[in-house]
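Beneath this line is the structure, given in structure tokens, with notes to follow.
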Amino acid sequence: MIVAEDLAGLFFDSLDQLGEFTVVGANDMPVDYSILLAHDDHMTVTIEAFFNTLVDVQPLSEVQGDDFYARTSLLIRRSDRGVAQFGLMRIRLPELPAAVREEIEAGKTPLGRALIRHNVLRHVELRRLWRVKPGPTLRLHWDLGPDEDVYGRSAGIWVEGVPSVDLLEIVRV
């Protein structure tokens, strides 16, 4: 199982650039964060239902290897263009159908929407919930008070019964 530090290490010198991460339980989070994060569903669908608006993906940086594709990205609410989520993902390319890989690599469709649209057999696995004291990278995307925490989760997606995607998803309500 890939951990937050491993995903962050693809893009940052240390996890601290994102923030200080503390493992929490669903009951240790404000209710809205628990609703957004403590589940085994796609974040795209959950965020769209919570904010009652579609979201668009905005890729920030990408890394590609022989057998993987990784990116940092934002999910942007269409209603007000606010940032709903900062995310990191790493996909094992051989596990996904070519059409899905191409759509995700094009950076125009959120991951969850692409998997759902192509009717890929998948299961989202919640791994950990986090309280995050934001570091400089998160502060670039959100106007946060000096003591304001955000919350996130580590998750994985199994495609056709094979672990295929690792995720670190951080949200702000």
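Determine if segment 33-43 includes at least one residue that is under 22 Å from V120 (Cα atoms) and either among the acidic types (D, E) or assigned to a strand (DSSP E or B) (or both).
Scanning segment 33-43 turns up at least one residue that is under 22 Å from V120 (Cα atoms) and either among the acidic types (D, E) or assigned to a strand (DSSP E or B) (or both).
Could you tell me how many of the residues in segment 107-134 are surrounded by fewer than 18 Cβ atoms within 10 Å (Cβ to Cβ) and small (G, A, S)?
Number satisfying all stated conditions: 1.
Given the criteria loosely packed, with under 13 Cβ neighbours inside 10 Å, of a type in the set (S, T, N, Q), more than 24 Å from E160 (Cβ to Cβ) and touching a residue at least 24 places away in the same chain (Cβ under 8 Å), does S61 qualify? Break it down stepwise before answering.
On the way: loosely packed, with under 13 Cβ neighbours inside 10 Å: yes; of a type in the set (S, T, N, Q): yes; more than 24 Å from E160 (Cβ to Cβ): yes; touching a residue at least 24 places away in the same chain (Cβ under 8 Å): yes.
In short, yes.
Just checking, how many residues over segment 1-28 are within 20 Å of R139 (Cβ to Cβ), touching a strand residue (DSSP E or B) at 6+ places or on another chain (Cβ under 8 Å) and part of a loop (DSSP other than H, G, I, E, B)?
Residues that pass the stated criteria total 2.
Assess whether E95 counts as being closer than 15 Å to G152 by Cβ, surrounded by 12 or more Cβ atoms within 10 Å (Cβ to Cβ) and touching a residue at least 40 places away in the same chain (Cβ under 8 Å). Give the derivation first.
Details: closer than 15 Å to G152 by Cβ: no; surrounded by 12 or more Cβ atoms within 10 Å (Cβ to Cβ): yes; touching a residue at least 40 places away in the same chain (Cβ under 8 Å): yes.
So E95 does not fit the description; no.
Can you list the helices (runs of 4 or more DSSP H) found entirely within segment 94-173 that contain at least 1 residues being farther than 16 Å from S73 by Cβ and touching a Pro at 6+ places or on another chain (Cβ under 6 Å)? Break it down stepwise before answering.
On the way: elements: 98-106, 111-117, 136-141.
Passing ranges: none, list empty.
Of (1) in contact (Cβ under 8 Å) with a residue 12 or more places away in the chain; (2) not in a loop (DSSP other than H, G, I, E, B), T46 satisfies all except one. Which?
It is condition (1) that T46 fails.
Would it be correct to say that D166 is under 25 Å from I116 (Cβ atoms), among the acidic types (D, E) and surrounded by 19 or more Cβ atoms within 10 Å (Cβ to Cβ)?
Values: under 25 Å from I116 (Cβ atoms): yes; among the acidic types (D, E): yes; surrounded by 19 or more Cβ atoms within 10 Å (Cβ to Cβ): yes.
In short, yes.
Here, each number is a calculation from the coordinates, and none is a lab measurement. All figures in this text were calculated on a predicted structure; none of them were measured in a lab. Here Cβ is always computed from backbone atoms with ideal geometry, including for glycine, and neighbour counts include all displayed protein chains.
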